[in-house]
Amino acid sequence: MESQSRTSPPETPKRSPFTGIFHKLKTNLVFRSKLAEINGAMGDLGTYIPIVLALTLAKDLDLGTTLIFTGIYNAVTGAVYGVPMPVQPMKSIAAVAISSTAAEFGIPEIMAAGICTGGILFVLGVSGLMQFVFNIIPLSVVRGIQLSQGLAFAMSAVKYIRKEQNFSKSKSVGDRPWLGLDGLVLALVCVLFIVLVNGDGEQEEEEEEERDGSRRRRVSIRKVISNVPSALLIFLLGVVLAFIRKPSIVHGIKFGPSKIKLVRMNKAAWKNGFLKGTIPQLPLSVLNSVVAVCKLSYDLFPEKKFSATSVSMTVGLMNMVGCWFGAMPTCHGAGGLAGQYKFGGRSGGCVALLGVAKLVLGLVLGSSLVGIMDKFPVGVLGALLLFAGIELAMAARDMNTKGDAFVMLVCTAVSLGSNAAIGFVAGIVLCKVVVFFALFFTVSAEIYIVTMEGDPIISYKGGVNGFEATAVESDEKIDTSSELVTSYARHLEKKHDMLLGMLFEEGSYKKLYSYKHLINGFAAHLSPAQAEVLSRTPGVKHLSRDWKVKKLTTHTPQFLGLPTDVWPTGGGYDRAGEDIVIGFVDSGIFPHHPSFVSHHTAVPYGPHPSYKGKCEDDPRTKVSFCNGKIIGAQHFAEAAKAAGAFNPDVDFASPMDGDGHGSHTAAIAAGNNGIPVRMHGYEFGKASGMAPRARIAVYKALYRLFGGFVSDVVAAIDMAVHDGVDILSLSVGPNSPPATTKTTFLNPFDATLLGAVKAGVFVAQAAGNGGPFPKTLVSYSPWITTVAAAIDDRRYKNHLTLGNGKMLAGIGLSPSTRPHRSYKMVSANDVLLDSSGGNKYNPSDCQKPEVLNKKLVQGNILLCGYSFNFVAGSASIKKVAETAKHLGAAGFVLVVENVSPGTKFDPVPSCIPGILITDVSKSMHPSTALLSENDRVTSSTTMADQHRKTEQYKRELASLSLPL
């Protein structure tokens, strides 16, 4: 009954699996621009027509059957991949066939070679080996293969333009005449027309509002020209000229498809096909038809998702089916993809349209198309092929380091001089040599934070094909465990990995983190040269070298009025902060401290309703850091480890606090109420956090010896917001303010804080340890709450009672001397062992126990002076206490002089009685010497002669008392 009374959410109608398939087909086949897609479909004909025509004329290839099957292949791959995936002839098999006699390598051998090649590629795809090959082949080697293939296309194109061709014998037969329907002038005009229309292929992003009228007009004219379908017009021109050159070919046209029949292949055909065709074709198919195609597809269409496995399988299936019926062996090709992209192809609809055209021509005209293709102007085909080759070669322009460019060019040279397989081997070997050299003989790497184009999870509103929006309204929280969020997060991380894998050799870099929730980017350990490459890579928005941060650092609840004004509204101190999760990005936590134990509270902690963070175990005890009060504990140190700054013996490879800073900040914000404050066996009151019932989530990114690195801190913040914290406490900031006067908010740290605020998290960051002077603020983000050091009403007062009854107020956090007992006070200047000791050290500082006479100090109170050495840092109150203890003193008095007005003195805990007196004038004037323990003490002081004070104190008996 209870479940029926609740309001049920509206049921989402179940989607048929056919609905999803239909949606994908619709998305993959949609035209970006009809004319551009039609024009792009012509981009691969410069490769397709010459090879198909040569095999048809030389080996009696059934053109009609080839058109039907390749048309089906085009349509299917366009629908599956959503990009202009080309279908090209297998060039090595075609080359062997054209250069051999029909008896040596005829149609049976050609088809056997195609089936064997396809079968091997299919097995490589199904087994996952092709994806493995794709992942391990360095980008510089792939670019070398692409460059060699592109240059080979361009060189063939120039040959087509300059020389007349006999495709049946695959050779040139003389210079092309200047004039004529297939003359040199016609080919050059086609080349110039393509240059005029398509330019260099780069697309400008226009900002019309910033341009003047004449500039806008030129831009408009340029847009009109660029929309002209250059490849389509040139192809149609070639068809018209074919009929003009030989009008009688009209009589040779016969309607109806060719008769499709099964090709018979004997044992000898299988053997020759495999040895002469498959073996030389296989390396080219793996490298150019699969690996290079996938790499180029990612360059051109980074939003599309398909793997080397699927591409290998489609190539295999095409040949395992079509070759049995006499269809030409086919594959995908980086050159065809580049050509179709060059002329405007941007979707699967481009090649699907080409496939429909091939299918119609194959069914309607069949093999009678041979006559038309034979008279098609070869110079026109050369113009199309030239730009397809150039576009493919241009993919190699992202080799910005000398090492990668060197490997690529050697691979290209060897491939052009021999074949792609030998070029590939040469590139792999050389690449390993270059990586070895880089690892052992070049400069050390550094950590860089890279911010990518594209929205992170917190602000992604859709637009990437296949991924719905993850951003929510400002008053909502993102469900980080939903499939929408996790799938988009995987997509972003995959893009980060693919970008690094494409640019750099495996082992030459290390990715430390992927940032997906608040910013889209990653941190990586790179060489300066690699960082330079990344900074100029398309899709990279910002790159910065990692920088260090440092840590920024209890009656306070009463001072703020929390027990009387705030906590009662939430049910009292035992409910203050109920179910609020505070994330601390700090130095970790000591979970056994009373401020964090869960059994201290009257009401037990239950599971938190929404927090999704995890708890690490202590690697030594194997016990979880979480206990109900602490509900999350993780540490982030990848950058510290990569920089060589991390020492696990000191810094702890766990959330354990290495120096107390993180435990300190966590106790202030969310420590349990009423915890006794004990030091050196003495109790100094009780402490409480500001929200005693709040939960604590620890994200350790700061360490004892070196502070921390921004990349670790950003990863911690990103994870904290992902886990669902309500508040972020950041007592962390850069080591110094920006060197320039202009503060930028584009750095990844501040951008991450902005993302956290967008996610509905309240962010509080310490203003810094400096001040109160100009330019000491180190918290710059305008979208967060910056908390500066403030005052409270706590005074750490001690009193020194002199033998004449005068009471001097001072500062101290130490036990008292024995009650009702007096002690003699001795000056450090009067108890030197050797007068020469004062030449090396200032004896009144009491920093060197070995220069003082222990017999004269033991059992007495040691009188010391607060000199400039304490301000400079070469002397400390802690060392005074250690000196007094080492000498057996009953306590110490440290007298301050020569201090600027307004100077603040902080108490230093001491294990023996001690006091810091900041105003010695009270000892000279009995009328003002007596102070009650409730008086507030200021730090103003008057100058007094140290020797005179010392002589006076020596004549008086003193005792130390500390009110508790």
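With θ taken as phi - 60° and the Karplus curve 6.51 cos²θ - 1.76 cosθ + 1.60 applied, the whole-hertz 3J(HN,Hα) list for the stretch 90-102 is 6, 6, 5, 5, 5, 5, 5, 5, 5, 8, 10, 6, 4 Hz, x standing for glycine and proline.
Can you give the local net charge around C331? Use residues other than it whose beta-carbon is closer than 13 angstrom to its beta-carbon, Lys and Arg +1, Asp and Glu -1.
Residues near C331 contribute 0 overall.
In straight Cα distance, which lysines are under 23 Å from K402, not counting same-chain residues fewer than 8 positions off? Cross-link targets: K295, K432, K510, K511. Each peptide among 760-766, 36-42, 264-270 gets the average number of other Cβ atoms lying within 10 Å of its residues, and from highest to lowest they stand as 36-42, 760-766, 264-270.
What pairs in K26/K461; K612/K758; K461/K495; K159/K261 have C-alpha atoms more than 26 Å from each other?
Values: K26/K461 21 Å; K612/K758 19 Å; K461/K495 18 Å; K159/K261 36 Å.
Too far apart for the 26 Å limit: K159/K261.
For I631, the shell of other residues with beta-carbons less than 11 Å away shows a net charge of +2, using +1 for Lys and Arg and -1 for Asp and Glu.
The residues neighbouring P283, those whose beta-carbon lies less than 15 Å from its own, together hold a net charge of +2 under the Lys/Arg +1, Asp/Glu -1 convention. Distant-in-sequence amide contacts of A875, defined by a placed amide H-H separation under 5 Å and a gap of 5 or more residues or a different chain, comprise F870.
The phi torsions of the stretch 284-289, fed into the Karplus equation with coefficients 6.51, -1.76 and 1.60 and a -60° offset, translate into couplings of 5, 5, 5, 7, 8, 7 Hz, rounded to whole numbers, with Gly and Pro shown as x. Put simply, the C-alpha atoms of the stretch 577-632 give a gyration tensor, and the ellipsoid matching it has half-axes of 18, 14, 12 Å, longest first.
When the P(r) is computed for the stretch 803-893, the part past 20 Å accounts for 34% of the Cα-Cα pairs. Binning the alpha carbon pair distances of the stretch 282-386 at 5 angstrom intervals from zero yields the distribution 2, 10, 15, 21, 22, 17, 10, 4, 0, expressed in whole percent. The order of the peptides 693-699, 856-862 by mean Cβ neighbours within 10 Å, most packed first, is 693-699, 856-862.
For L512, the residues 5 or more places off, or on other chains, whose built amide H falls under 5 Å of its own are A523, A524, H525. Scalar couplings 3J(HN,Hα) for the stretch 613-629, obtained by applying the Karplus form with A = 6.51, B = -1.76, C = 1.60 to θ = phi - 60°, are x, 10, 10, 7, 8, 5, x, 8, 9, 6, 9, 5, 6, 8, 8, x, 6 Hz; x denotes Gly and Pro. Between amide H atoms placed 1.01 Å from N, distances below 5 Å from M679 occur with F684, all of them 5 or more places distant or on a separate chain.
For the stretch 597-693, the carbon plus sulfur part of the accessible surface works out to 55%, probe radius 1.4 Å.
The values are calculated or read from the model by the stated rules, or taken from the named source; none is laboratory data. Remember, predicted model here, so these are calculated numbers, not experimental data. So basically every Cβ, Gly included, is an ideal-geometry build from the backbone, and we count neighbours across all protein chains shown. Just so you know, the surface numbers come from the protein's heavy atoms only, side chains and all, with ligands and any DNA or RNA stripped out. Shrake-Rupley method; radii C 1.70, N 1.55, O 1.52, S 1.80 Å.
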